[in-house]
Amino acid sequence: MAANSGSQDRIGQDRIGQDRIGQGRIGRDRIGQPWGERTPFGPGGEWPVRVDEYLEEGLEPGAVDRWVQTASILHSNGDAMDIAVKDGRIAGVRGRAVDRVNRGRLGVKDLYGWQANASPDRLTRPLVREGGRLVETDWDTAMDRVAGRARELLEEQGPSALGFYTTGQLFAEEYYTLGVIAHGGIGTNHVDGNTRLCTATAAEALKESFACDGQPGSYTDVDHADAIALFGHNVAETQSVLWMRILDRLAGPNPPKVVCVDPRPTQVAVHATVHLAPLPGTNVALMNGILHEIIANGWVDQAYIDAHTLGYEDLVAQVKGYTPETAARICDVPAEKIREAAAVLGRAERLLSTVLQGFYQSHQATAAAVQVNNIHIIRGMLGRPGCGILQMNGQPTAQNTRECGADGDLAAFRNWSNDAHIQDLARVWNIDPMDIPHYSPPTHVMQMMRYAEEGSIRMLWVSGTNPAVSLPELHRVRSILGQERLFLVVQDIFLSETAQFADVVLPAATWGEKTGTFTNVDRTVHLSEKAVDPPGEARADLEIFIDFAHRLGLTDKDGAPLVKWTAAESAFEAWKECSRGRPCDYSGLTYGKLRGGSGIQWPCTEDSPDGTERLYADGKFWAAPEYCESYGRDLVTGAPLEPTEYKAMNPSGRAMVKAAEYLPPHEGPSVDYPFMLTTGRTLYHFHTRTKTGRVPELQAAAPEVWVEVSEQDAAAAGIAEGDLVEVASPRGSVRAQARVSGIRPGVLFLPFHYGYWDTEGGRAPDGDGSPGRAANELTITDWDACSKQPIFKTAAARLTRLGPGEGPAPAPTTTASAPAASAQQGGTR
């Protein structure tokens, strides 16, 4: 099946990928068949190897000069692969058969995405703004300007004048170095990552239930589970290799039952035993309805509850009123479907649950995700094969952002509110504890933007991310980034929409051009080796950060340089020591140990040298008051618990069952805006298309924005497939072609990847920043009270037909975006 009914002829046959199954090589259109061939296996079996490979045209595997170990940075699955190097350039990739994560498989972004590295518009020299224009300069001039402005602001205002906003695609060594500079050297708590947009709720939900970050489950739980529940998690498109693992279980003997919660007809929904399609923003009501049924039917492990948990009675009282009928009225789903889903979850002997953006990017994000944890806690479904929770990440190195202290968390899961933890970190960094800012909560990115808008943050350093497309309410974001009084530094590989506002642009090296480690959702650490040199004068992010620290003259309390490492491996050794004895303990890992074989899961220590597959076996948690990362928050207000409150509540460090009342979304449909708008991703692109928009196969598969509308709503509005429509909210409007899909009535969907900069031909027609194709023109400046994750899933919108379009919508037909007729016939399988 073609990936795009309007542009399939753009995908030349010379660019078709290859699967290597065993020793054979089988031609395969991996754009049209993105999940490849099935290799079925049964419960408790080992996932068979299937090695996927794609090389540039005419290059045979035997002609490759060398293969270099790495893993993917175009999604959060952590697929291990090798880079093919030919004549000093990247010439292809193949999956690593020995790796525990993917067993040789690669997704479509893995197979083709490497081509972006060689895009002719890579940044190769630093740029500085002169006379309103960005002009090329040398590194000394650029870095002196950055360090000089930082020094001026520190002398004039102090650390609160500086903010750092980073990505989910750097390496652990780079995040750790940035955290040391910002927290330990400069002393600002204005530090966050764009992981705030994708994974902040994952961390917060784990902290609320277990008082610490760290995913309890393992990808291998797929191999053992007899039920798999995916809550707001379109795994088929966001972690396509993990979906291949699930598909292979479904194709084998004794397949697991699948529960899918998603308003769209995703591939997960197509294969689900039960598909629940609630109205966006009603997830807490739905979860309370499911929990009501599980408790009412006695599908709980009372002995486990009594021995290892607290708060169960509050949950029983809270969900008592959420009968399936009550939840059904709120969520607009059949009550019987809620009962069916609850029965699957409540009767399972080995339950695996995953959660992602459909739950995270909403007003009760943490409360909803915590209810998934509650199911596992009250059923005792933790720490055993097939029994796990994966509060998923949206980005490949989001876990490292959280671990290393580059997103508002404190390094190695130390507790901001525990003075002993601050003192211990100060010991590691050899600084005074008072130099580490812990006088107030760390500043999340939306608050940082507000501070910049008000003029208190006067220098913002953005590395590896594109907030001019990815943050909500873009007209406001553009006005902030464009302020004269804000000194904006952008560190990236392309001149993104954000970089166009910068005062200084620093050209960075990327994946394949530098060395470092990164960690995926199930805590698997991979080493990514440098394969080729970066283009021109581009430098590794680690080198840039270290240069900045030295130019600022940052020192420890003995006068030695604060940042004492000079390269990736020595930075890793420093990070290991920082993590020693903490939950995310890397002390048993080395670069040598990570070379040549599989990735290894932390904690990896002297006592567990091969890593740790699952957490919380035998009801042992990291929740003791003196050890835990967080004392938790009120799920409604987000107010933090005081240390004394937590110690009194949970002195023995039990898992916490936290109940939540459903609250309506902050913005709902109205007469003027009768639809609920939700945004999200497609299989073929990553974030703001900075890389994938420059890859011919991926760009051809999803070349332009579209809007999904149900058949019922399309008929009422007189809209046909491919018609040009306008989607408007109280904040702006987007024009796109309509895809009449199987999405539930009352809901519109826009992919968020498309900014106002067209990578193929310069600016789009509305490239001055006026409304056009960026979904975040429409979303609201608001966030979850606990995780501070912005709300991208609920905004009121209206839909207007403007006229006929030129053929079908430019949306993939292989995914949740398939046309309605195809979805009804099972054509997206």
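The values are calculated or read from the model by the stated rules, or taken from the named source; none is laboratory data. These numbers were taken from a predicted model, which means no experiment stands behind them. As a convention, Cβ positions derive from the backbone with ideal geometry for all residues, glycine included, and neighbour counts pool all protein chains shown.
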Query raised in the report: Does segment 140-171 hold any residues that are crowded, with 20+ Cβ neighbours inside 10 Å and touching a Phe, Trp or Tyr at 6+ places or on another chain (Cβ under 6 Å), and which are they?
Result: Phe164, Phe171
Report task. From Ile338, Ile305, Ile295, grab the single residue that is surrounded by fewer than 20 Cβ atoms within 10 Å (Cβ to Cβ) and either among the β-branched types (Val, Ile, Thr) or in contact with a helix residue (DSSP H, G or I) (Cβ under 7 Å, 6 or more places away or on another chain) (or both). Result -> Ile295
**Report entry** Selection within segment 208-222 - assigned to a loop (DSSP other than H, G, I, E, B) and out of contact with any Leu (no Cβ under 9 Å at 6 or more places or on another chain)
**Finding:** Ala211, Thr220
Report task. Determine the pairs where a residue that is part of a loop (DSSP other than H, G, I, E, B), located within segment 263-289, has a partner that is among the polar types (S, T, N, Q) with Cβ atoms under 6 Å apart, the partner being 6 or more residues away or on another chain. Result -> Thr266/Asn234; Pro280/Thr678; Pro280/Thr794; Gly281/Ser362; Gly281/Thr794
Query raised in the report: Going through segment 53-73 one residue at a time, which ones are over 16 Å from Lys514 (Cβ atoms) and outside any strand (DSSP E or B)?
Result: Glu56, Glu57, Gly58, Leu59, Glu60, Pro61, Gly62, Ala63, Val64, Asp65
Report summary line: Only one of Gly732, Gly718, Gly742 is modelled with pLDDT under 95 and in the same structural domain as His687 (by TED's automatic domain parsing), namely Gly732
Query raised in the report: Which residue out of Gly386, Gly380 is crowded, with 24+ Cβ neighbours inside 10 Å, outside the structural domain of Leu170 (by TED's automatic domain parsing), closer than 25 Å to Thr309 by Cβ and not charged (D, E, K, R)?
Result: Gly386
Query raised in the report: Does any residue of segment 570-577 turn out to be in the same structural domain as Ala150 (by TED's automatic domain parsing), without any contact (Cβ under 8 Å) to a residue 60 or more places away in the chain, more than 28 Å from the chain's Cα centre (by Cα) and under 26 Å from Val146 (Cα atoms)?
Result: no
Report task. Go through segment 643-746 and tell me which strands (runs of 3 or more DSSP E), entirely inside it, have 1 or more residues that are among the β-branched types (Val, Ile, Thr) and farther than 18 Å from Lys793 by Cα. Result -> 724-729, 732-741
Report task. Go through segment 241-281 and count every residue that is surrounded by fewer than 24 Cβ atoms within 10 Å (Cβ to Cβ) and polar (S, T, N, Q). Result -> 2
Report summary line: Restricted to segment 123-137 and to residues being surrounded by fewer than 22 Cβ atoms within 10 Å (Cβ to Cβ) and touching a residue at least 60 places away in the same chain (Cβ under 8 Å), the residue farthest from Phe487 (Cα to Cα) is Thr124
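Condition check ((1) under 16 Å from Gly36 (Cβ atoms); (2) among the hydrophobic types (A, V, I, L, M, F, W, C)) across all residues:
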{"residue": "Glu53", "(1), (2)": "yes, no"}
{"residue": "Leu59", "(1), (2)": "no, yes"}
{"residue": "Asp65", "(1), (2)": "no, no"}
{"residue": "Thr70", "(1), (2)": "no, no"}
{"residue": "Leu74", "(1), (2)": "no, yes"}
{"residue": "Asp82", "(1), (2)": "no, no"}
{"residue": "Val85", "(1), (2)": "no, yes"}
{"residue": "Gly88", "(1), (2)": "no, no"}
{"residue": "Val93", "(1), (2)": "yes, yes"}
Requested in this report: Could you tell me which numbered condition Tyr176 fails, if it satisfies all but one of (1) out of contact with any strand residue (DSSP E or B) (no Cβ under 9 Å at 6 or more places or on another chain); (2) assigned to a loop (DSSP other than H, G, I, E, B); (3) surrounded by 24 or more Cβ atoms within 10 Å (Cβ to Cβ)?
Outcome: (2)
Query - Residue list for segment 450-469, filter: surrounded by 24 or more Cβ atoms within 10 Å (Cβ to Cβ) and either assigned to a helix (DSSP H, G or I) or among the acidic types (Asp, Glu) (or both) - result: Pro467, Ala468, Val469
Report task. Check whether at least one residue in segment 651-658 is more than 30 Å from His421 (Cβ to Cβ) and of a type outside the set (Lys, Arg), and report yes or no. Result -> no
Report task. Determine whether segment 197-218 contains at least one residue that is more than 20 Å from the chain's Cα centre (by Cα), surrounded by 24 or more Cβ atoms within 10 Å (Cβ to Cβ) and among the hydroxyl-bearing types (Ser, Thr, Tyr). Result -> yes
Query raised in the report: Of these, Ala229, Ala205, Ala236, which one is touching a Ser or Thr at 6+ places or on another chain (Cβ under 7 Å) and not in a helix (DSSP H, G or I)?
Result: Ala229
Query raised in the report: Is it the case that some residue within segment 20-37 is free of Cβ contacts under 8 Å to residues at least 60 places away in the same chain and within 24 Å of the chain's Cα centre (by Cα)?
Result: no
Query raised in the report: For segment 278-333, what are the residues that are of a type in the set (Asp, Glu) and touching a Leu at 6+ places or on another chain (Cβ under 8 Å)?
Result: Asp332
Report summary line: Within segment 747-764, of all residues that are under 15 Å from Ala775 (Cα atoms) and in a loop (DSSP other than H, G, I, E, B), the one modelled with the lowest pLDDT is Ala764
Report summary line: Taking segment 322-335 and keeping residues crowded, with 19+ Cβ neighbours inside 10 Å and either closer than 7 Å to Gly289 by Cβ or out of contact with any strand residue (DSSP E or B) (no Cβ under 9 Å at 6 or more places or on another chain) (or both) leaves Tyr322, Pro324, Ala327, Ala328, Ile330
Report task. Could you pull out the residue among Leu425, Leu390, Leu345 that is within 27 Å of Gln169 (Cα to Cα), in a helix (DSSP H, G or I) and touching a residue at least 40 places away in the same chain (Cβ under 8 Å)? Result -> Leu425
Report task. Could you tell me which of the residues Arg151, Arg125, Arg89 is among the basic types (Lys, Arg) and touching a strand residue (DSSP E or B) at 6+ places or on another chain (Cβ under 9 Å)? Result -> Arg125
Query raised in the report: Of everything in segment 598-619 that's over 25 Å from the mean Cα position of the chain (by Cα) and in contact (Cβ under 8 Å) with a residue 40 or more places away in the chain, which residue is nearest to Gln215 (Cα to Cα)?
Result: Ala617
